[in-house]
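Report on the following structure.
The values are calculated or read from the model by the stated rules, or taken from the named source; none is laboratory data. Because the structure is a prediction, the values reported are computed rather than measured. Quick reminder, even Gly has a Cβ in these numbers, built from the backbone with ideal geometry, and neighbours come from all protein chains shown. Remember, those area values only see protein heavy atoms, side chains included, never the ligands or the DNA or RNA. Shrake-Rupley method; radii C 1.70, N 1.55, O 1.52, S 1.80 Å.
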Protein chains: 2
Amino acid sequence: MKERKIILPEKDLPRKWYNIQADMPNPMQPPLHPGTKQPAGPDDLAPLFPMALIEQEVSRERWIDIPEEVLDIYSLWRPSPLYRAYNLEKALGTPAKIYYKQEGVSPAGSHKPNTAVAQAYYNKKEGVNKLTTETGAGQWGCSLALACNYFDMECRVYMVKVSYHQKPYRRSLMEVWGADVYASPTDLTQSGRDALAENPDSNGSLGLAISEAVEDAAGKSDTNYALGSVLNHVMLHQTVIGLECIEQFKLINEYPDYVIGCCGGGSNFAGISFPFLHDKIRKDKPVRAIGVEPLACPTLTKGAFTYDFGDVAGFTPLLMMYTLGHNFMPPGIHAGGLRYHGESPLVSQLHKDGLIEARAYGQEGVFEAALTFARTEGILPAPETAHAIKGAIEVALECKEAGEEKTILFNLSGHGHFDLTAYDDYLAGKIRDVEYPQDEIDKSIASLESIR
Amino acid sequence: MKERKIILPEKDLPRKWYNIQADMPNPMQPPLHPGTKQPAGPDDLAPLFPMALIEQEVSRERWIDIPEEVLDIYSLWRPSPLYRAYNLEKALGTPAKIYYKQEGVSPAGSHKPNTAVAQAYYNKKEGVNKLTTETGAGQWGCSLALACNYFDMECRVYMVKVSYHQKPYRRSLMEVWGADVYASPTDLTQSGRDALAENPDSNGSLGLAISEAVEDAAGKSDTNYALGSVLNHVMLHQTVIGLECIEQFKLINEYPDYVIGCCGGGSNFAGISFPFLHDKIRKDKPVRAIGVEPLACPTLTKGAFTYDFGDVAGFTPLLMMYTLGHNFMPPGIHAGGLRYHGESPLVSQLHKDGLIEARAYGQEGVFEAALTFARTEGILPAPETAHAIKGAIEVALECKEAGEEKTILFNLSGHGHFDLTAYDDYLAGKIRDVEYPQDEIDKSIASLESIR
């Protein structure tokens with residue numbers, strides 16, 4: 001019997017997060033205040049975030065301690081298992097070895113609690129008793145609800161109205177963990193009331209839900225706002241994923257040639273790849289990190305590296321990143337978590353400097369990969385995660401072509417138990433490749449000229 | 001940091017199932033042919049089951065080898081983790097230690113694949129290429145679909161029509177693994193056509209779905225039928241759960257005083273408790289095994305120990321078991337897997353002989369326990385599983401009352417990711433205790449006189 005699972009003992013759970021800002025050949029450009037266009041300082045962020053997270057946002061310390069209280073909650077599901085995908089390898093007939101990190105074992109079903117727990121902890125420690133956030137499909141909202149539950153904090157989630165009604169299961173799960181979930185637009189905020197005045201039947205949007213959550217938090221001393229991706233401290237917290245992988249590979253005397261993750265805002269890709277990039281930068285390890293995105297929202301592969309707003313409304317600081325333009329409206333694909341116009345500034349800078357690679361795939365191939373995975377390894381992946389699987393399969397097939405016995409690692413960032421409608425559509429032949437027209441992308445990017 | 005997870009290395013996965021028939025003080029009574037009322041022999045079962053499973057059904061061998069091919073698939077998720085529920089203990093303020101076995105980590109989300117994989121394997125080995133079965137909420141159908149996928153077998157699932165429409169996610173999951181799922185009643189069988197002739201709008205029932213699945217298999221040499229609970233070979237395959245627990249407790253030098261499982265047809269309770277009953281019978285270990293059922297369907301606590309049909313229609317052999325009468329129609333509770341009028345004959349005989357205990361709880365208390373668990377340990381349990389949690393909490397509170405530091409083990413038989421409607425109802429205050437009136441139970445049991 002082959003050993004499939006590489007289990008890191010609980011006592012070996014990493015005690016520090018890795019901060020890639022210590023090792024980047026070129027530091028990322030600073031965020032700019034949306035009004036003055038001057039570098040944004042801690043004071044600009046203080047109304048929304050606790051000082052500990054603001055410090056992490058700009059820190060150049062290489063290793064940052066994971067607080068004991070956070071480790072205690074991590075240990076409910078961490079270290080997560082690393083799997084050797086023997087069945088998938090066999091189905092592909094590849095000489096490559098394929099490993100995947102199973103982040104779907106968290107109670108919320110994805111990697112998102114790695115940062116949600118840390119964010120809740122630091123807020124609570126600074127006397128904040130309530131967090132607001134937005135959620136689309138609900139992965140992030142569930143994770144923050146879980147985290148707030150553990151620190152006895154209130155959690156208010158503005159859920160895009162169309163998702164609130166289409167994905168009632170994720171809403172229920174947030175409520176099980178004690179969160180208050182509102183269909184956005186609401187009449188609780190001025191942004192919401194304005195939107196409802198304009199259109200009482202508004203289905204909402206992620207941009208609007210962000211505005212509501214930020215507005216709710218900005219004016220109150222006991223309330224902060226939490227973001228599930230893009231920012232540096234989020235990337236930092238997710239590095240626990242890759243750090244565990246490195247220890248797990250040591251147990252079997254292996255090291256990957258490729259590290260692959262799907263890429264929306266960048267957090268799960270950063271989480272699995274940054275610790276390996278540490279080895280690449282500091283120890284000359286020839287590891288290749290590949291971010292995989294949908295052809296429908298090809299930020300790294302077709303976007304511009306420039307300053308842009310993080311949100312649609314233009315409330316956030318300007319971030320230097322790969323972007324399709326904040327007015328870019330990606331077509332409706334099932335991988336909702338990858339429908340983001342921008343990209344983490346850290347991931348963006350690393351891509352600009354050639355330290356990571358990016359690939360984009362169409363939805364048909366992505367779902368075909370998901371089905372292959374579910375029928376070989378058993379686990380049903382989230383549609384976002386299926387992009388990483390597609391990437392891993394493509395690399396494994398390239399290895400087959402070349403006769404190379406490479407080692408591939410990908411991040412199984414979440415399960416698809418709440419995404420079965422997407423599989424229904426695929427099995428019914430309703431999922432087609434959607435590629436965004438290049439001239440539309442060019443137009444959207446050109447419009448950014450005006451904000452500089 | 002406390003160590004929460006007790007992980008058994010993959011190489012220590014049990015190599016044999018435990019057959020409690022070798023050790024029972026009183027053997028179970030034989031099943032009777034429904035027509036002749038004489039003991040049913042292998043020939044009576046041969047049209048539906050492969051000989052290997054029929055042999056397991058009557059074997060008195062204590063240890064039965066788990067085939068290498070079955071172990072290989074088990075190893076995708078087994079050994080499953082044993083957890084110390086520190087957070088739950090703290091919330092209850094109990095001196096008792098609470099452990100739970102996490103069977104929700106299987107790809108199908110419950111313990112059911114433990115037997116589905118074995119059944120598919122033995123059928124395939126005897127040249128059967130297609131299995132039929134029925135499913136209500138879909139837990140069992142998903143597990144058999146997964147298993148057939150691994151052995152390249154066709155899988156046809158008759159899903160009760162009302163569930164087919166109400167639980168589309170589980171239907172989708174079966175289809176992801178390649179099963180054909182039909183809303184029963186269908187026009188594929190005579191039983192189905194008869195039902196549709198009588199009522200074209202029939203919502204179906206589990207009894208009818210069984211009739212369709214059995215009829216489909218009975219006439220075809222390449223097709224067999226598979227059952228997910230009740231029968232002896234099903235209990236046998238599930239003992240891998242308890243056998244792993246024993247090894248995991250050895251790793252931490254512990255042994256439980258209580259072993260608790262929810263009880264419908266009996267398979268997850270048998271799976272976790274039978275290996276401990278081996279120790280109780282042969283080594284005088286004072287372990288107490290407790291089966292927990294709903295007050296709405298109180299088979300062990302209020303049923304009669306007598307011969308009855310396994311199904312509603314009266315097609316199956318007569319089984320000597322605790323039963324509420326095969327015409328007993330339990331009220332509609334969310335724990336669909338516990339709405340069964342009878343009980344595994346093995347579990348029943350052990351209860352008759354005082355080797356196990358049973359408790360029944362109402363739905364409100366059960367869901368309160370589920371919420372307490374989700375908010376402490378994080379994991380969302382299935383409504384069936386929540387009965388075991390309620391039992392464990394009650395015992396832990398008794399220990400608190402008595403000041404006893406006992407060790408409690410329960411089976412977390414499955415997750416509730418597809419059961420969030422039930423939680424919605426609970427949070428909306430719509431779940432009420434339903435106790436079946438004793439005189440109705442008496443009447444239903446009295447009606448069994450006629451079949452003897």
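Protection proxy ranking, highest mean first, for peptides B:74-81, A:217-224: B:74-81, A:217-224, where packing is the per-residue count of other beta-carbon atoms within 10 Å, averaged. Applying a DSSP loop filter and a limit of 14 other Cβ atoms within 10 Å to the chymotrypsin sites (Phe, Trp or Tyr not before Pro) in segment B:334-407 leaves nothing. The shape of segment A:271-342 can be summarised by an equivalent ellipsoid whose semi-axes, obtained from the alpha carbon gyration tensor, come to 27, 16, 10 Å from longest to shortest.
The mean number of Cβ atoms from other chains found within 10 Å of a Cβ in peptide A:375-385 is 3, as a whole number. Expressed as a rounded percentage, what relative contact order does chain A have, with Cα pairs under 8 Å and six or more residues apart? The value is 19 percent.
Is the shape of segment B:19-175 best called rounded, prolate or oblate, per the rule: a/c under 1.5 gives rounded, else a/b larger than b/c gives prolate, else oblate, with a ≥ b ≥ c the square roots of the Cα gyration tensor eigenvalues? Since a/c reaches 1.5 but b/c is at least a/b, the shape of segment B:19-175 is classed as oblate.
The mean number of partner chain beta-carbon atoms within 10 angstrom of a residue's beta-carbon across peptide A:417-425 is 4. Under a no-solvent Debye model with one identical scatterer per Cα of the protein assembly as shown, what's log10 I(q)/I(0) at q = 0.09, 0.10 Å⁻¹? Those come out to -0.91, -1.11, one per q. Classify chain A: rounded, prolate or oblate, from the alpha-carbon gyration tensor (a ≥ b ≥ c, eigenvalue square roots; a/c under 1.5 rounded; otherwise prolate if a/b is larger than b/c)? Note, shape of chain A comes out rounded. Most tightly packed first, judged by the mean number of other beta-carbon atoms within 10 Å of their residues, the peptides B:427-433, A:326-332 read A:326-332, B:427-433. Kirkwood-type hydrodynamic radius, segment A:104-194: 13.0 Å, calculated from all non-identical alpha-carbon pairs.
Which of rounded, prolate, oblate describes segment B:372-431, given a ≥ b ≥ c as roots of the alpha-carbon gyration tensor eigenvalues and a/c under 1.5 marking rounded, otherwise prolate only if a/b is larger than b/c? Verdict is prolate for segment B:372-431.
FRET efficiency for the pair A:Val434 and A:Asn199, taken as 1/(1 + (r/R0)^6) with r the Cβ-Cβ distance and R0 = 25 Å, rounds to 0.45. Cβ-Cβ distance of A:Ser447 and A:Glu364, R₀ of 45 Å, FRET efficiency by 1/(1 + (r/R0)^6): the value works out to about 0.90. Can you tell me which lysines have their Cα less than 17 Å from the Cα of B:Lys5? Leave out same-chain residues fewer than eight positions away. Cα-Cα hits under 17 Å: A:Lys5, A:Lys11, B:Lys90, B:Lys97, B:Lys101, B:Lys250.
Straight-line cross-link reach from A:Lys112 at under 14 Å between alpha-carbon atoms covers these aspartates and glutamates, not counting any fewer than eight positions away in the same chain: A:Glu103, A:Glu134, A:Glu384. Of the heavy-atom accessible surface of the protein assembly as shown (probe 1.4 angstrom), what whole percent is carbon and sulfur? Ligands and nucleic acids excluded, carbon and sulfur give 49 percent.
Treating the angle as unsigned and between 0 and 90°, give the value, to the nearest 10°, between the Cα long axis of helix B:139-150 and the longest Cα principal axis of chain B. Here the helix axis deviates by roughly 80 degrees. Between segment B:243-264 and segment B:266-300, the C-alpha centres lie 11 angstrom from each other. Once you reduce segment B:1-71 and segment A:132-211 to the center of their Cα atoms, the two points are 49 Å from each other. Counting only protein heavy atoms and a 1.4 Å probe, chain A has 34 square angstrom of accessible area per residue. Partners of A:Lys302 within straight-line reach, counting lysines whose Cα lies under 23 Å from its Cα and excluding those fewer than 8 residues away in the same chain: A:Lys352, A:Lys390, A:Lys443. Residues of segment A:145-180 that lose at least 20 Å² of accessible area (1.4 Å probe, protein heavy atoms only) when the other protein chains are present, relative to their chain alone, are A:Asn149, A:Tyr150, A:Tyr169, A:Ser172, A:Leu173, A:Glu175, A:Val176, A:Trp177. Helix B:240-251 and the longest principal axis of the C-alpha atoms of chain B enclose an angle of approximately 10°.
Chains B and A together bury roughly 4200 Å² of accessible area, counting both sides, with a 1.4 Å probe on protein heavy atoms only.
Calculated mean residue ellipticity, 222 nm, the protein assembly as shown: -12000 deg cm²/dmol, from DSSP H runs (n ≥ 4) at -39500 (n - 2.57) each, averaged per residue and rounded to 500.
Compared with its chain on its own, segment B:50-93 contains the following residues whose accessible area drops by 20 Å² or more in the full protein assembly (probe 1.4 Å; ligands, DNA and RNA excluded): B:Glu68, B:Asp72, B:Ser75, B:Leu76, B:Tyr83, B:Asn87.
Using the Cβ-Cβ distance between A:Ile252 and A:Asn26 with R0 = 35 Å, the FRET efficiency computed as 1/(1 + (r/R0)^6) comes to roughly 0.50. In order along segment B:174-179, phi translates into HN-Hα couplings of 4, 5, 4, 8, x, 7 Hz, rounded to whole numbers, per the Karplus curve 6.51 cos²θ - 1.76 cosθ + 1.60 with θ = phi - 60° and x for Gly and Pro. What the Kirkwood sum gives for segment A:226-351 is a hydrodynamic radius of 15.1 Å, with every pair of different alpha carbons counted.
For a 4.7 Å threshold on C-beta separation, the list of partnerless cysteines in the protein assembly as shown reads A:Cys142, A:Cys245, A:Cys262, A:Cys263, A:Cys297, A:Cys399, B:Cys142, B:Cys245, B:Cys262, B:Cys263, B:Cys297, B:Cys399.
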